[in-house]
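S.K.: I am attaching a structure below and will ask some questions about it afterwards.
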Ligand SMILES: [Zn+2]
């Protein structure tokens with residue numbers, strides 16, 4: 001007898017008619033026609049069952065602070081940083097915890113069960129760190145939260161940032177962050193990458209840096225990060241986030257850079273929503289998109305995970321907690337429109353990001369944690385098109401969030417009375 005059986009699921013890899021059986025919080029079997037008894041049975045009715053969504057790049061200390069202490073009028077990254085600098089000294093631990101907990105509630109209803117959040121360590125009080133360490137513990141039963149020590153004002157440029165970053169790691173922050181393009185000079189940026197990789201090597205920690213988040217075609221910090229990854233033996237433990245300058249770089253240089261990244265075992269985390277919003281701000285027309293070269297990196301076998309970065313904060317007034325919004329934007333901005341492309345982008349908001357974060361027991365395989373999302377969609381391509389309701393969100397075999405299927409009543413003579421968007425799926429793959 002199983003605790004739970006999901007019947008007639010379609011899996012992200014295309015297998016149909018699968019039953020998923022759960023015992024003691026783990027997946028016990030995946031196959032068609034499981035007949036054994038179960039405490040609870042959920043009929044997936046041929047719809048997509050996915051492993052949880054994973055957000056590998058977020059700022060949970062700033063989320064839901066939109067409008068505090070004022071709005072970002074220029075909409076630029078730099079005004080966002082300045083605005084956060086106004087809020088940071090006056091924010092309290094209680095507010096930070098409350099906002100982060102409230103954000104996690106929303107994220108769970110969207111099927112998100114793991115988030116890597118950067119935590120600003122620029123304010124010497126480190127209330128951001130105290131708050132998010134508390135949140136990490138409180139959400140642990142339903143959401144894995146990883147924390148990155150992030151010197152927002154620069155590791156060398158920010159006053160006391162070196163000491164504060166080290167103290168944050170001592171307090172239990174999991175990952176070493178950085179922001180080389182925000183240091184005073186290109187040389188300082190390169191030196192910060194080296195210093196931070198050394199700290200990660202000494203402490204046995206991973207690295208995740210905001211890297212080349214500019215439109216400057218001559219920014220070279222990704223190259224440095226790849227080189228220092230190899231030098232310090234950090235292969236498989238380093239991620240570069242954003243990498244938007246790569247959009248503007250010379251093609252010849254990129255043809256050298258991509259193999260260097262691939263060779264270093266570095267992962268990359270573009271953030272399509274915020275990159276589309278913030279980059280190209282100094283352009284008139286034509287206006288650069290500023291999103292890094294996702295399809296080219298995927299072709300090279302570089303691990304690509306996609307993050308949200310921001311939801312309703314000084315940098316981004318939009319955001320819903322839904323990683324399918326991220327994949328949807330990526331389809332448009334990268335012109336990755338084929339079914340295979342969409343599958344790859346669905347992987348970028350699920351399995352790729354889980355691998356980058358090193359999540360244990362993640363996936364739809366026998367023996368993995370019984371963490372799953374039933375979507376009102378037929379397959380990954382349809383899931384990205386529709387960003388549909390998450391009918392059931394299951395954590396360790398227990399339903400933790402439910403949303404009713406989307407349907408509308410139509411009152412038009414001679415037309416059907418009920419319209420279900422998911423029923424408009426194409427007859428077959430293109
Ligand atoms: Zn970020």
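S.K.: Return the percentage of antiparallel bridges among DSSP beta bridges fully within the chain, rounded to the nearest 5 %.
M.R.: 40 percent
S.K.: With Rg and the Kirkwood Rh both taken from Cα atoms, where does Rg over Rh land for the range 273-430?
M.R.: My calculation puts Rg/Rh at 1.01.
S.K.: Follow-up. So how tilted is helix 221-231 from the main axis of the chain? Cα-based, degrees 0 to 90, rounded to 10.
M.R.: Around 90 degrees separate the two axes.
S.K.: Continuing with this model, one more query. Would you mind getting me the FRET efficiency between residue 283 and residue 185? Use the beta-carbon distance for r and R0 = 30 Å, nearest 0.05.
M.R.: After rounding, the FRET efficiency stands at 0.80.
S.K.: Using 0.36 nm times the number of residues separating residue 101 and residue 160, minus their current alpha carbon distance, what extension gain do you get?
M.R.: Length gained, residue 101 through residue 160: 18.3 nm.
S.K.: Would you mind computing, in nm to one decimal, how far apart the modelled labels at residue 140 and residue 365 are, each placed 7 Å from Cα along Cα→Cβ?
M.R.: According to this spin-label approximation, the distance is 2.5 nm.
S.K.: Using the alpha carbons of the range 115-256, what is the convex hull volume per residue in cubic angstrom, as a whole number?
M.R.: Per residue, the Cα convex hull of the range 115-256 comes to 108 Å³.
S.K.: Sticking with this one: In units of 2.2 N^0.38 Å, what is the alpha-carbon radius of gyration of the chain? Don't skip to the end; give the middle numbers.
M.R.: Numbers: Rg = 21.8 Å, N = 430, 2.2 N^0.38 = 22.0 Å.
So the chain has a normalised radius of gyration of 0.99.
S.K.: Let me ask another. So what's Rg/Rh here for the range 230-340, counting alpha carbon atoms and using the Kirkwood radius for Rh?
M.R.: The Rg/Rh ratio comes out at 0.98.
S.K.: Could you list 372, 1, 312 in order of exposure, starting from the residue whose Cβ has the fewest other Cβ atoms within 10 Å? Write down the numbers at each step before the final one.
M.R.: Details: 372 27, 1 9, 312 19.
By the 10 Å Cβ count, ascending, the order reads 1, 312, 372.
S.K.: Pairing the Cα long axis of helix 127-139 with the longest principal axis of the chain, what angle in degrees results, from 0 to 90 and rounded to the nearest 10?
M.R.: Roughly 20 degrees, rounded to the nearest 10.
S.K.: To continue, here is another question. Send over the semi-axes of the range 87-192's equivalent ellipsoid, whole angstrom and largest first, taken as the square roots of 5 times the C-alpha gyration tensor eigenvalues.
M.R.: In descending order the semi-axes read 26, 15, 12 Å.
S.K.: Can I ask one more? Suppose only helical runs count, i.e. DSSP H with n ≥ 4. What mean residue ellipticity at 222 nm does that imply for the chain under -39500 (n - 2.57) per run, divided by all residues and rounded to the nearest 500 deg cm²/dmol?
M.R.: Dividing the helical sum by the residues of the chain leaves -10000 deg cm²/dmol.
S.K.: Then there is this: Just check the range 247-310 against the gyration tensor rule for me: Cα atoms, a ≥ b ≥ c as the square roots of the eigenvalues, rounded for a/c under 1.5, and otherwise prolate or oblate depending on whether a/b exceeds b/c.
M.R.: Details: a/c = 2.94, a/b = 1.39, b/c = 2.12.
Oblate is the answer for the range 247-310, as a/c is 1.5 or above yet b/c matches or exceeds a/b.
S.K.: Okay, moving on. Using a 7 Å offset from the Cα along the Cα-to-Cβ direction at both residue 37 and residue 252, what is the distance between the two label points in nm, to one decimal?
M.R.: Taking the two extended label points, one gets 7.4 nm.
S.K.: Separate question: Calculate, in nm to one decimal, what residue 412 and residue 170 gain on full extension: separation in residues at 0.36 nm each, minus their alpha carbon distance.
M.R.: Gain on stretching residue 412 to residue 170: 80.7 nm.
S.K.: Give the angle, between 0 and 90 degrees and rounded to the nearest 10, that separates the Cα long axis of helix 186-203 from the longest principal axis of the Cα atoms of the chain.
M.R.: Long axis of 186-203 versus the principal axis of the chain: about 60 degrees.
S.K.: Also, I was wondering about something else. Consider a paramagnetic label point 7 Å from the Cα of residue 15 along Cα→Cβ; state which residues of the range 334-362 have an amide N under 18 Å from it.
M.R.: Inside the label zone: 347, 351-352, 361-362.
Read-outs throughout are calculated quantities, based only on the coordinates presented, and are distinct from any laboratory measurement. None of these values were measured; they are calculated from a predicted model. Don't worry about glycine lacking a Cβ; one is built from the backbone with ideal geometry, like all the others, and counts go over all protein chains shown.
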